[in-house]
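What follows is a short report on a single structure.
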Amino acid sequence: MENTKETLAAKAYDLLKYSLPMLEGLPRSQKFTLGDRIQNHLSDLLEMLLEAYYVPAAEKRPLLLRANIRLEMLRYFYRLGFDRGHYNSLRYKEFAERIDEIGRMVGGWVKSLPGR
């Protein structure tokens, strides 16, 4: 499971890195609202996953559950960006697939914790 945790942080990092050019290209009216919200949620997600990697086992579950909530918020913000026409369906599909993969990995990590 150790490798999966490192991979999970890397996937969150890659999603943030992949999203930044799109966020920088948003219209000014959306850059400081929708763009900042997405960037902040992505940064928070990465921080939560890194923190969960290092905290004692008893403290991992609450962090991972919060990460799941953050992923759900991101799903809606990316959908809003697509619905507003800020990127095409191929890009939206890529965002959705990356978020879903991270979500599956977080869910697997939660299930692997003792004391379910």
Could you run the Debye sum over the Cα atoms of the range 24-96, one equal point scatterer each and no solvent, and tell me log10 of I(q)/I(0) at q = 0.22 Å⁻¹, two decimals?
-0.93
Can you tell me, using C-alpha contacts under 8 Å and at least 6 residues apart, the relative contact order of the chain as a whole percent?
31
Can you pull out the trypsin sites (Lys or Arg not before Pro) in the range 50-81 whose DSSP state is coil and whose Cβ has at most 10 other Cβ atoms within 10 Å?
none
Residue 18/residue 66 FRET efficiency (R0 22 Å; Cβ-Cβ; nearest 0.05)
0.50
In the chain, how many lysine pairs have Cα atoms under 18 Å apart, counting only pairs 8 or more places apart or on different chains?
6
Computed lengthening from residue 88 to residue 33, 0.36 nm per intervening residue step minus Cα-Cα distance:
17.8 nm
Using 7 Å Cα-to-Cβ label points, what is the residue 79/residue 47 separation (nm, one decimal)?
2.6
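Taken together, the values in this text are just the output of simple stated rules run on the coordinates, not laboratory data. Quantities reported herein were computed from a predicted structural model and do not represent experimental measurements. Glycine also receives a Cβ, built like all others from the backbone with ideal geometry; neighbour counts cover every protein chain displayed.
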